[in-house]
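So the structure is just underneath, and the comments pick up after that.
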Amino acid sequence: MLAKSALYVVATPIGNLNDISLRALDILQQADVIAAEHVQTSKHLLTAHSIQTKLITLHQHNETAVAEKILALLASEKTVALVTDAGTPGISDPGAILVGQVRKQGYQVIPIPGANAAICAMSASGITNPHFLFFGFLPTKSGLRQRELELLKVQSCALIFYEAPHRILECVTDMIAIFGEQRQITIARELTKLFETIHTCTLGEALVWLKADTNQQKGEFVLLLSGAKIPEKSEVSEQARHTLERLLDELPLKQAVKLAVDITGNNKNTLYKLALSMKETRSDK
Ligand code: SAM
């Protein structure tokens, strides 16, 4: 039995139609209404599982208006399921506005976990870093994209991006411009589909690999970058570390690094990365 006056947020497959949980199918079958990003796309999935529940459209451009209608349905004790074209709603997809409204009005929101391209790619990447930052889509214009990448340059966690096929070459080119050719990348393409490819190499090699076979530029992509290397202890003397630690006690990070560079003569980037990791360690405590 489904909960009445509840919104179920249901993850659907990212390719292979069998990648859906029994619980998700049950809910899609029993809900009064399914709000779907594109009715035709979801019909394909629902037909494959012989589900005939009524569909309404909820996408990026009508989410606020449709949220009102869904609230009215919940007020009349109906059960609504939310799906997007692929994967988990609200993750680089519509859903967050509706969920926010439903929760604000005091109705139950019940997540039904399942496929997500970022997690799927991470699980098969072999990246050993226990921390990752999910960024989703970068800006489409090169200048803005490079600016975002610049901000991520010193992050020591792995970085996960979504990218469209027609921007894959320019995106990797911008990554090289900011991170250099040696940073490791995993290109996870067409996950769970016929032409699934998971390829790990350096950023420099990635561009050559993508250009060598235009088939590798097609489909859907998750890009995973290894994180920045935190400077080894030996790269910075104990005295310089101590100086930086003390300056960080008293000053904002940028000022502390600037002074530490003046005092110790160490490399600015090295001290900046070290200061970031010191701050991180402090905030963990
Ligand atoms: N909500 C989805 C999720 O949970 O992963 C993501 C939706 S977002 C609009 C679509 C992007 O996710 C694609 O452009 C691609 O970057 C990534 N993606 C989705 N399916 C994928 C797949 N089968 N293989 C690789 N990337 C995929």
Odd one out for Gln60, checked against (1) surrounded by fewer than 18 Cβ atoms within 10 Å (Cβ to Cβ); (2) within 11 Å of the ligand (Cβ to nearest atom); (3) in the same structural domain as Ile27 (by TED's automatic domain parsing); (4) within 17 Å of Ala11 (Cβ to Cβ): (4)
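Tally up the residues in the stretch 66-101 that are within 13 Å of the ligand (Cβ to nearest atom) and either under 14 Å from the mean Cα position of the chain (by Cα) or buried (at least 16 other Cβ atoms within 10 Å of the Cβ) (or both), please.
Counting residues in the stretch 66-101 that are within 13 Å of the ligand (Cβ to nearest atom) and either under 14 Å from the mean Cα position of the chain (by Cα) or buried (at least 16 other Cβ atoms within 10 Å of the Cβ) (or both) gives 14.
Scanning for something away from the ligand (no atom under 12 Å from the Cβ) and part of a strand (DSSP E or B), does the stretch 126-133 turn up at least one residue?
We begin by selecting, within the stretch 126-133, every residue away from the ligand (no atom under 12 Å from the Cβ); these are 126-133.
With the extra rule that they be part of a strand (DSSP E or B), the set shrinks to 132-133.
So far as the stretch 126-133 goes, yes, one or more of its residues are away from the ligand (no atom under 12 Å from the Cβ) and part of a strand (DSSP E or B).
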Residues of the stretch 102-125 that turn out to be open to solvent by less than 60 Å² (accessible area, probe 1.4 Å) and within 16 Å of the ligand (Cβ to nearest atom), as a count: 11
Residues being open to solvent by 60 Å² or more (accessible area, probe 1.4 Å) and touching a residue at least 12 places away in the same chain (Cβ under 8 Å) - total across the stretch 147-173: 5
Scan of the stretch 190-248 for residues that are of a type in the set (D, E, K, R), surrounded by 17 or more Cβ atoms within 10 Å (Cβ to Cβ) and more than 22 Å from Gly15 (Cα to Cα), ordered by number: Arg241
Where a residue in the stretch 32-52 is under 12 Å from Leu17 (Cα atoms) and its partner, wherever it lies, is in a helix (DSSP H, G or I) and among the aliphatic types (A, V, I, L, M), with Cβ under 6 Å and at least six apart: His49/Leu25
Complete set of residues in the stretch 182-221 that are within 16 Å of the ligand (Cβ to nearest atom), of a type in the set (Lys, Arg) and free of Cβ contacts under 8 Å to residues at least 60 places away in the same chain: Arg189, Lys218
Pair list, Cβ < 7 Å and 6+ apart or interchain, from the stretch 101-112 residues that are assigned by TED's automatic domain parsing to the domain that holds Glu63 to residues that are modelled with pLDDT under 95 and among the polar types (S, T, N, Q): none
Unmet criterion (only one of (1) touching a strand residue (DSSP E or B) at 6+ places or on another chain (Cβ under 7 Å); (2) open to solvent by 40 Å² or more (accessible area, probe 1.4 Å); (3) not assigned by TED's automatic domain parsing to the domain that holds Thr200) for Phe135: (3)
Qualifying residue in the stretch 17-37 (condition: assigned by TED's automatic domain parsing to the domain that holds Gly106, surrounded by fewer than 18 Cβ atoms within 10 Å (Cβ to Cβ) and under 16 Å from Ile97 (Cβ atoms)): no
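The values are calculated or read from the model by the stated rules, or taken from the named source; none is laboratory data. What you are looking at is a predicted structure, and each value in this text was computed from that prediction instead of being measured. Backbone-built Cβ (ideal geometry, glycine too); neighbour counts: all protein chains shown. Accessible surface areas use protein heavy atoms only, side chains included; no ligands, DNA or RNA. Shrake-Rupley method; radii C 1.70, N 1.55, O 1.52, S 1.80 Å.
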